[in-house]
Amino acid sequence: MAKIKPSKGAPYARILGVGGYRPTRVVPNEVILETIDSSDEWIRSRSGIETRHWANDEETVAAMSIEASGKAIADAGISAEQIGGVIVSTVSHFKQTPAVATEIADKLGTAKAAAFDISAGCAGFGYGLTLAKGMIVEGSAEYVLVIGVERLSDLTDLEDRATAFLFGDGAGAVVVGPAQEPAIGPTVWGSEGDKSETIKQTVPWTDYRSGEVAKFPAIAQEGQAVFRWAVFEMAKVAKEALDAAGISAEDLDVFIPHQANERIIDSMVKTLKLPESVTVARDVRTTGNTSAASIPLAMERLLATGEAKSGDTALVIGFGAGLVYAATVVTLP
C-alpha cells in the first residue's frame, strides 16, 4: 500500500500584523432615535454604544476587506504575493456564490491564494484564526489572511427598539504566519444549536423573494436570553481557553471579547476576576457591534492607541448567532 507523504509546516503560528477599516459615516445615537421610542441615556446604559459606523454604497464588504487587509499585510512586513490563504468571515455578503474571499485575494494581488468564506456569526474571527493556524502548521500555506467583515446596517431593522442601535459596519484583518514558539493557544469552540432561535434572520430570503413578506429580512434577537448565555456560559469558555493555554488571569495583559455590549463585557471581567492591570477592549462604544469584525477591529485600535503593545498576551473570545463560540489566547503582533 502506498504511503502518503507527511505534511511539513511551521512548528507554531502567530499573528504577525493587524489592520482595520471603519466606514467614513459616523452615526450617533440621535440618528437611531429618529425611528425608535428610546433615549440616548437608555441606549448607553443598556449597551455602552455612543456611535457606530455605517457604510456607503462604495464601502462594500470586499472594499472594506481590501482596505483592512492592506494595512494588515503592511503591518506584518510581507507582500501580498506571499499570502497563501484568504479566509473571510461574514454574514452580510449577499452573494451566495462566488465567495467574496476570491475577489479579495485577486484584488490584493495574491498568487492565486486559496480563498473561502465562512459563516460563524460573531465567533467567525476565532473560527478563521483557528483554521489559519492549522493551515500554517500543516504546511498548506506560509501566510494566511483572516478577515472579519460586516455591513450589518443592511440587516438592521431601524424600527426594532431591541436591535436598531446595536449594529455597525467595518472590517478587521490579521496576517497569520509561522512562529518558533507558541503564540496562538488551543481554541475552545463549539455550538449550542438548541438556542439557534435566540439570534436569527427574521425570515428566509425565499419568503422575501416570493412576496410572502414585504419587509426586507433583518437580524432579530432575544436580548435577555442572549445576555444570560453570554454572561454565564461564555465566562466558562473563556476560563477553559486560559486553562488550555496554561495561562492564569494574572498572566494576561489584554482581554478582547466580542464587542457585543458593554454590560456583557463588564460582567465577564467581573466573573473572570481579571486584575485591574488587564486592558479591556471597549471599542463597542464608538464602533458598535460589528459581529465577525469586532475582535480584529478592537485589537487594531488597542495597538494603535498604545493601550496594548506588541508581545502582550491577550485572551480573545467571540460568541453569537448559532449559538456558536470560540476562545483562545494569543500573543499580540
(message) Between Ala249 and Ser119, what is the label-point separation in nm under the 7 Å Cα-to-beta-carbon projection?
(response) 3.7
(message) Over all directions, how big on average is the projection of the convex hull of the alpha-carbon atoms in segment 185-332, in square nanometres?
(response) 9.6
(request) Sort 114-125, 89-100, 18-29 for me by packing, meaning the mean count of neighbouring Cβ atoms within 10 Å per residue, highest on top. (result) 114-125, 18-29, 89-100
(request) Take Ser140, project a point 7 Å from its Cα along the Cβ direction, then tell me which residues of segment 56-97 have their backbone nitrogen under 14 Å from it. (result) 84-88
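Relative contact order for the chain using alpha-carbon pairs under 8 Å, separation at least 6, rounded to a whole percent?
On the way: 834 pairs, mean separation 85.7, N = 333.
The value is 26 percent.
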(message) Testing the spin-label approximation: label points 7 Å from Cα along Cα→Cβ at Arg209 and Thr97. State their distance in nm.
(response) 1.3
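Could you sort out which of Lys71/Lys107; Lys236/Lys273; Lys8/Lys133; Lys133/Lys195; Lys239/Lys273 sit more than 18 Å apart by Cα distance in this structure?
Numbers: Lys71/Lys107 14 Å; Lys236/Lys273 12 Å; Lys8/Lys133 14 Å; Lys133/Lys195 29 Å; Lys239/Lys273 10 Å.
Too far apart for the 18 Å limit: Lys133/Lys195.
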(message) Treating segment 12-182 as a set of equal point scatterers at the Cα positions, no solvent, please give the Debye-formula log₁₀ I(q)/I(0) at q = 0.11, 0.17, 0.18 Å⁻¹.
(response) -0.49, -0.95, -1.03
(message) Can you compute the label reach from Glu192? Point 7 Å from Cα along the Cβ direction, backbone N cut-off under 20 Å, restricted to segment 284-303.
(response) 291-292
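Compute for segment 111-200: radius of gyration divided by Kirkwood radius, i.e. Rg/Rh, restricted to C-alpha atoms, rounded to two decimals.
Numbers: Rg = 16.3 Å, Rh = 15.5 Å.
My calculation of the ratio gives 1.05.
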(request) Return the lysines within reach of Lys200: Cα separation strictly under 20 angstrom, same-chain partners fewer than 8 residues apart disregarded; answer none if there are no such residues. (result) Lys95, Lys215
(request) Mind checking which aspartates and glutamates have their Cα closer than 16 Å to the Cα of Lys309? Skip sequence neighbours fewer than 8 apart in that chain. (result) Asp75, Asp251, Asp253, Glu300
(request) Show me 234-243, 169-178, 252-261 ranked by packing, highest mean number of other Cβ atoms within 10 Å first. (result) 169-178, 252-261, 234-243
(request) For the chain, just list the percent of Cα-Cα distances falling in each 10 Å bin from zero outward, please. (result) 6, 27, 36, 23, 7, 1, 0, 0
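Every read-out reported here was derived from the displayed coordinates using simple, explicitly stated rules and does not represent laboratory data. What you see is a predicted model, and the numbers here were worked out from it, not measured in a lab. All Cβ positions, glycine included, derive from the backbone under ideal geometry; neighbour counts span all protein chains shown.
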